[in-house]
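Take a look at the structure below.
The values are calculated or read from the model by the stated rules, or taken from the named source; none is laboratory data. Note that the structure is a prediction, hence the values are computed from the model and not measured. Here the Cβ is made from the backbone with ideal geometry for all residues, glycine too, and neighbour counts use every protein chain on show. Side chains are part of the model used for accessible areas, which takes the heavy atoms of the whole protein and leaves out ligands, DNA and RNA. Shrake-Rupley method; radii C 1.70, N 1.55, O 1.52, S 1.80 Å.
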Amino acid sequence: MAPRDPPSAPDDGELVDAALRDKGAYALIVRRWEAPLSGYVRRLIGRHEAAREDILQEVFLKAYLNLNDYDRSRPFGPWIYRIARNQAFDFLRKRKTEPIHVTGDDAALIFARLVGAGGPQELPERIRIEEEVRAAIASLDLRYRDALVLRYLEEKGYDEISDILRIPPGTAATLIRRGSEKLRGALTARGLGAAERGSG
């Protein structure tokens, strides 16, 4: 989900231009993207929460050092998301840990978006669904988990997902469709039959 700014706020390209002229202006880019990237990194590193701030610092440092390489003809968001993803994956690779950790709230959100309905009202049922969704997502291949997190939790469009993952838009759409089908199947196998009615 792209950050919201007042209508008069400069666009990302203008902020990049300003930062290239005056390094002090880079703080505006950090302020704009810190919250969404923090949430995304948290979803990738899971239990390594204590490392999130360090990873974010590396993300913004790397983005600053590579601002001249940013292609102005493309959106800035996917570019900096890709840097965040790479930094988080590098961190996890060194620890031989799998990325994409889905919390209870995230699991409930994915379930609601997958089946096209609100979450359960009763706490015990909600907890059961969250546990089943987390387990079902963990059973998927990383490529599907990666695409589904970007689609359902980060609310990225196919073109943005394509840009972040560096795959063709058609491949991104296929990963999301197949990943959704596999997730529904895994949920149905776990007794959550309502997942069969989702539209993806």
Requested in this report: Quickly work out the E125-to-D141 label distance, labels modelled 7 Å from Cα along the C-beta direction, and quote it in nm with one decimal.
Outcome: 3.5
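What is the total of Lys pairs in the chain with C-alpha atoms under 24 Å apart, excluding same-chain pairs fewer than 8 positions apart? All intermediate terms of the calculation are to be shown ahead of the outcome.
Numbers: K23/K62; K62/K94; K62/K96; K62/K156; K156/K182.
Value for the chain: 5.
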Query raised in the report: Calculated from the structure, Rg and Dmax of the Cα atoms in Å equals which of (1) 16.7, 51; (2) 19.4, 75; (3) 17.9, 58?
Result: (3)
Report summary line: In Å², rounded to a whole number, the accessible area per residue of the chain with probe 1.4 Å is 53
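Order these peptides, 10-16, 63-69, by their mean beta-carbon neighbour count within 10 angstrom, highest first.
Peptide ranking by packing, descending: 10-16, 63-69.
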Query - Percent carbon-and-sulfur accessible area, the chain, ignoring ligands, DNA and RNA, probe 1.4 Å - result: 48
Query raised in the report: Relative to the longest principal Cα axis of the chain, at what angle does helix 52-65 sit, 0 to 90 degrees, rounded to 10?
Result: 40
Report task. Could you work out how far helix 123-138 tilts from the main Cα principal axis of the chain, as a 0 to 90 degree angle to the nearest 10? Result -> 70
